[in-house]
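Asks: The structure that follows is given in the form of structure tokens.
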Amino acid sequence: MLVGMSQPNDLLAVLVDADNVPPWKIGAVLTEVARFGTASVKRVYGDWTKPNLGSWKPVASEHVIQPMQQFANTIGKNATDSALIIDAMDLLYTRRFHGFCIVSSDSDFTRLASRIREEGVTVYGFGERKTPEAFRNACDQFTYLDVLEEPAAESTSAAVTRVPPPKLRGDTKLVSGLRTSVTTASGEDGWANLSAVGVLMRKQHPDFDSRNWGYAKLSDLVRATELFLIEPRPAGGLQVQHRKKNGD
């Protein structure tokens, strides 16, 4: 969406915590991952002897995701998380991957995400709204599962509720972030490259995504606030400027 740092041929490792991700969402996750690069490694971790993970098995087979068995040897300790973290570090040290996609809502992966980024490798996080802020902020980009649509459901995406303009303007965090980003990215003429604004927003708030408010594109969200002007750039793309108040 807004990252602007990935290429279609970038190699990615997709690591899924089966205990924290509903299996019916993985198709939409992989579709989103394809925007960032090629998922050359796809693994899903869990104790496959437990009946609660039974619904994951056909999904993993359909999407060619390798199930990684990890027995829960000790009550109260998440052996699955440990296995995922160890594998992630092993993969990191191969220096083959441009990015890691960690699919979980668990805060246990906060340090893992930070450590991967220390190596200059991009981290894409995917999880539910309940995901702790620490893990979200440890990623370069974090996407909520509920904004992702399965490919077959794209025709119904228009039914997703959009936050109306008055409520958007009342969202202090959103408005403040957009105003600051536009100001920072703007040139002497007051216009800013819209894609640059999106990158700045993502750097400040890794979970920023126009779809969180029901808008498919950043331009749609910015227009809906009615606080900015958007026009085509002479060189292509879009540019944005603060809308002047009456009397200015």
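Asks: Can you tell me which of Ser181, Ser176 is part of a helix (DSSP H, G or I), hydroxyl-bearing (Ser, Thr, Tyr) and within 20 Å of the chain's Cα centre (by Cα)? Reasoning before the result, please.
Replies: Numbers: Ser176 fails: within 20 Å of the chain's Cα centre (by Cα).
On inspection, the qualifying residue turns out to be Ser181.
Asks: Hey, Asp17 hits all of (1) among the charged types (D, E, K, R); (2) at pLDDT 90 or above; (3) surrounded by fewer than 14 Cβ atoms within 10 Å (Cβ to Cβ) but one; which does it fall short on?
Replies: (3)
Asks: Turning to a different aspect of this structure: If you go through segment 91-118, how many residues are at pLDDT 95 or above and of a type in the set (Asp, Glu)?
Replies: Adding up the residues that qualify gives 1.
Asks: Also, quick follow-up: Considering only residues that are under 22 Å from the mean Cα position of the chain (by Cα) and hydrophobic (A, V, I, L, M, F, W, C), which ones fall in segment 184-203? Break it down stepwise before answering.
Replies: Initial filter on segment 184-203 (under 22 Å from the mean Cα position of the chain (by Cα)): 193-203.
Answer for segment 184-203, where residues must be under 22 Å from the mean Cα position of the chain (by Cα) and hydrophobic (A, V, I, L, M, F, W, C): Leu194, Ala196, Val197, Val199, Leu200, Met201.
Asks: Identify the single condition in (1) under 18 Å from the mean Cα position of the chain (by Cα); (2) of a type outside the set (A, V, I, L, M, F, W, C); (3) not in a loop (DSSP other than H, G, I, E, B) that Gln241 does not satisfy, given that it satisfies every other one.
Replies: Tallying (1) under 18 Å from the mean Cα position of the chain (by Cα); (2) of a type outside the set (A, V, I, L, M, F, W, C); (3) not in a loop (DSSP other than H, G, I, E, B), Gln241 fails exactly one: (1).
Asks: Additional query: I'm trying to understand the selection: among the residues of segment 158-177, which are at pLDDT below 90 and touching a helix residue (DSSP H, G or I) at 6+ places or on another chain (Cβ under 9 Å)? Write out each step before concluding.
Replies: Residues of segment 158-177 that are at pLDDT below 90, as a first pass: 158-161.
Once the filter is applied, which keeps residues that are at pLDDT below 90 and touching a helix residue (DSSP H, G or I) at 6+ places or on another chain (Cβ under 9 Å), segment 158-177 yields only Val160.
Asks: Look at segment 178-193 and say how many of its residues are more than 13 Å from Phe228 (Cα to Cα) and either in contact (Cβ under 8 Å) with a residue 60 or more places away in the chain or surrounded by 19 or more Cβ atoms within 10 Å (Cβ to Cβ) (or both). I'd like the intermediate steps shown before the answer.
Replies: In the first step, residues of segment 178-193 are kept if they are more than 13 Å from Phe228 (Cα to Cα); the result is 184-185, 187-189.
Filter once more, so that each one left must be either in contact (Cβ under 8 Å) with a residue 60 or more places away in the chain or surrounded by 19 or more Cβ atoms within 10 Å (Cβ to Cβ) (or both): 185.
Summing the residues that are more than 13 Å from Phe228 (Cα to Cα) and either in contact (Cβ under 8 Å) with a residue 60 or more places away in the chain or surrounded by 19 or more Cβ atoms within 10 Å (Cβ to Cβ) (or both) in segment 178-193 gives 1.
The values are calculated or read from the model by the stated rules, or taken from the named source; none is laboratory data. From a predicted model like this one, the values you see are computed outputs, not experimental measurements. All Cβ positions, even for glycine, are placed from backbone atoms using ideal geometry, and neighbour counts span all protein chains on display.
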